[in-house]
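The values are calculated or read from the model by the stated rules, or taken from the named source; none is laboratory data. Remember, predicted model here, so these are calculated numbers, not experimental data. For neighbour counting, all protein chains shown are included, and Cβ atoms are generated from backbone atoms with ideal geometry for every residue, glycine included.
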Amino acid sequence: MGEPVVECPAGQIHGALVKGVARFLGIPFAQPPVGPRRFRLPEPVDRLPAPFQATGFGPTPPASMELPAPYTYPVIEGDRWLTLNVWAPVDARPDSGLPVYVWFYGGSSAMGSTAQSLFDGTAFARDGAVFVSANYRVGLEGFTHLPDAPDNRGLHDQIAALRWVQANIAAFGGDSQRVTIGGESAGAQCASTLATTAYAGTLFRQVICESGIGMAVDRATAAKAAAVLAPALGVDLTAKALRGRDPRESAAAVAKLLRTLSPHNILTVFFPVIDGDLLVESPAARLADGPVPVRMLIGHNRNESDFWRVFGDFVPKDRVLEHAAGLVRKLSAKPAVLDAYVQVYDGVLDPGEIFLQVLSDAVFCGPSYAAQHGQGENCHAYSFTWPSSIHTRRSMHTLDLGFTFDNLADPGFTLYGGDGAPQALADEMHGLWMRFIETGSPSEDWRPFRSEADVRVFGPAAERNTEVLGAWTF
């Protein structure tokens, strides 16, 4: 069989046959967001010149945060950051009507791209779905409040990608009425945020949230967070001034500044903004309030914050609980939240462990728990407990990815999960994700959420502490 070719409204697109599936990489879905278009909402791309060779990932968005070696992410130079990739069954045809899964990567809304090898969509296409991954602007470019630019630019990039999917995915064998969106960490926060917008039920009909529920801030709070970045840039913190600087140089300057901050504070720099247009309230509050018009699969890992311990010292060395109280304030939670942790864990965990638990729950587990309760039978709930054989030897943030992507051998997974991850667990999780994407119900024995008895546990049996999780309100 020769190279796969698709004719669609976007153009004639040539891909490659790789690992038994058709793969199309680096397809532009919006104009390059540079020059006069920088910091503006994404603009539609013209029909691609024929033939368009979709055989390599597009340029990566400038990253405003960096991980140390060997945990660094790929960097691909160029200005055309807004591209997407499609994996499809090799025998897919325009009338195949296959389910579609659109993936948004994580990275604290500050870094990441679809070029990370862990996010290879081969297993989803192998099993009968059309898999799409889309780049979106991060950090300074996508999630920093600027007084003379629209907010939520990264979210609008994702919406533009979903519009492209609606217009073109049938040519790849996908059904535009059977679109599931999903992500992990910041990607899950974005996907859950989109579930609270007017686009839910039109551009997509199901959502998978792995370790992330969207939290948004008002413009005043966003402006304070942006002001932290100003010393690194050397110009006024406006779109007009920043357009005169190279985007990658600006992002690198921000990343250098962030390395001087305490690592737990970095998690509160880049947030979506309640702009009164796309977002009229905090997504976490909306999801906790009642069902949205799309089916959801929501879960989190047992020891999320252990991830940041991989990169060095993370727990404050002194006044640990004071730092925890500061974190609670930054996230606009009530002081009584920390009191609940001290009451439950005093004498059981040392202050450092309490700090880690507060951070895990503040950013990931608490919002997920609240969203599960708000969605009720509109969602399926899970808890991931499998412990890595390396690093902290617990079920830290990101460990679920190798299993849901059925990609345990990928270096992006083994750096955190080691070489001994059980394939049987990957078969289970990936299979359930596929079934949800196909039907909206992962299995007959995984009931929609009504109580803790309905939470699917992936890994060693463990109960969640509902007393502290229930202390978080949104």
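Contact annotation: residue pairs with Cβ atoms under 7 Å, 6 or more positions apart or on different chains, pairing a residue in the range 161-186 that is closer than 18 Å to Gly201 by Cβ and touching a residue at least 40 places away in the same chain (Cβ under 8 Å) with a partner that is of a type in the set (Gly, Ala, Ser) and in a loop (DSSP other than H, G, I, E, B), are Asp175/Gly97. Restricted to the range 25-73, and to residues that are out of contact with any strand residue (DSSP E or B) (no Cβ under 7 Å at 6 or more places or on another chain) and on the phi > 0 side of the Ramachandran plot, which residue is surrounded by the fewest Cβ atoms within 10 Å (Cβ to Cβ)? Out of the qualifying residues, it is Gly35. Evaluating Leu82 against the criteria (1) among the hydrophobic types (A, V, I, L, M, F, W, C); (2) surrounded by fewer than 19 Cβ atoms within 10 Å (Cβ to Cβ); (3) at pLDDT 95 or above leaves one unmet condition, (2).
Among the residues of the range 409-420, is any among the polar types (S, T, N, Q) and surrounded by fewer than 24 Cβ atoms within 10 Å (Cβ to Cβ)?
yes
Check every one of the helices (runs of 4 or more DSSP H) wholly within the range 358-474 and list those with 3 or more residues that are of a type in the set (Lys, Arg) and free of Cβ contacts under 8 Å to residues at least 24 places away in the same chain.
On the way: elements: 366-375, 401-404, 411-417, 423-439, 466-469.
Qualifying helices (runs of 4 or more DSSP H): none found.
Hey, any hits in the range 125-138 for a residue that's within 25 Å of Tyr71 (Cβ to Cβ), touching a strand residue (DSSP E or B) at 6+ places or on another chain (Cβ under 7 Å) and surrounded by fewer than 24 Cβ atoms within 10 Å (Cβ to Cβ)? Looking through the range 125-138, none of the residues is within 25 Å of Tyr71 (Cβ to Cβ), touching a strand residue (DSSP E or B) at 6+ places or on another chain (Cβ under 7 Å) and surrounded by fewer than 24 Cβ atoms within 10 Å (Cβ to Cβ).
Residues are listed down the side, and each one gets a yes or a no for (1) of a type outside the set (Gly, Ala, Ser); (2) more than 29 Å from Leu359 (Cβ to Cβ):
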| site | (1), (2) |
| --- | --- |
| Gln177 | yes, yes |
| Gly183 | no, no |
| Ala188 | no, no |
| Ala191 | no, no |
| Ala195 | no, no |
| Tyr199 | yes, yes |
| Leu203 | yes, yes |
| Ile208 | yes, no |
| Gly214 | no, no |
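Screening Gly347 with (1) over 28 Å from Ala216 (Cα atoms); (2) at pLDDT 90 or above gives one miss only, at (2). Total residues in the range 209-247 satisfying the condition of being closer than 30 Å to Thr404 by Cβ and touching a helix residue (DSSP H, G or I) at 6+ places or on another chain (Cβ under 7 Å): the figure is 8.
For the range 297-314, state whether one or more residues are surrounded by fewer than 17 Cβ atoms within 10 Å (Cβ to Cβ), in a helix (DSSP H, G or I) and in contact (Cβ under 8 Å) with a residue 40 or more places away in the chain. No: zero hits.
Quick check, is Ala188 small (Gly, Ala, Ser), in a helix (DSSP H, G or I), under 23 Å from Ala288 (Cβ atoms) and out of contact with any Gly (no Cβ under 9 Å at 6 or more places or on another chain)?
Details: small (Gly, Ala, Ser): yes; in a helix (DSSP H, G or I): yes; under 23 Å from Ala288 (Cβ atoms): yes; out of contact with any Gly (no Cβ under 9 Å at 6 or more places or on another chain): no.
Against the criterion (small (Gly, Ala, Ser), in a helix (DSSP H, G or I), under 23 Å from Ala288 (Cβ atoms) and out of contact with any Gly (no Cβ under 9 Å at 6 or more places or on another chain)), Ala188 does not qualify.
Within the range 207-230, one or more residues are at pLDDT 95 or above, among the hydroxyl-bearing types (Ser, Thr, Tyr) and touching an Asp or Glu at 6+ places or on another chain (Cβ under 7 Å).
Could you tell me which numbered condition Val165 fails, if it satisfies all but one of (1) assigned to a helix (DSSP H, G or I); (2) under 30 Å from Ala362 (Cα atoms)? Of everything listed in (1) assigned to a helix (DSSP H, G or I); (2) under 30 Å from Ala362 (Cα atoms), Val165 misses just condition (2).
Considering only residues of the range 101-124 that are among the hydrophobic types (A, V, I, L, M, F, W, C) and over 17 Å from the mean Cα position of the chain (by Cα), which is surrounded by the fewest Cβ atoms within 10 Å (Cβ to Cβ)? So the residue we want is Ala123.
Within the range 206-231, being surrounded by 18 or more Cβ atoms within 10 Å (Cβ to Cβ) and either farther than 23 Å from Arg329 by Cα or of a type in the set (Lys, Arg) (or both) holds for Gln206, Val207, Ile208, Cys209, Glu210. Has the range 396-404 got at least one residue that is surrounded by fewer than 20 Cβ atoms within 10 Å (Cβ to Cβ) and touching a helix residue (DSSP H, G or I) at 6+ places or on another chain (Cβ under 6 Å)? No. Can you tell me which residues in the range 274-296 are among the aliphatic types (A, V, I, L, M), surrounded by fewer than 22 Cβ atoms within 10 Å (Cβ to Cβ) and in contact with a Gly (Cβ under 6 Å, 6 or more places away or on another chain)? Ala288, the sole residue that qualifies.
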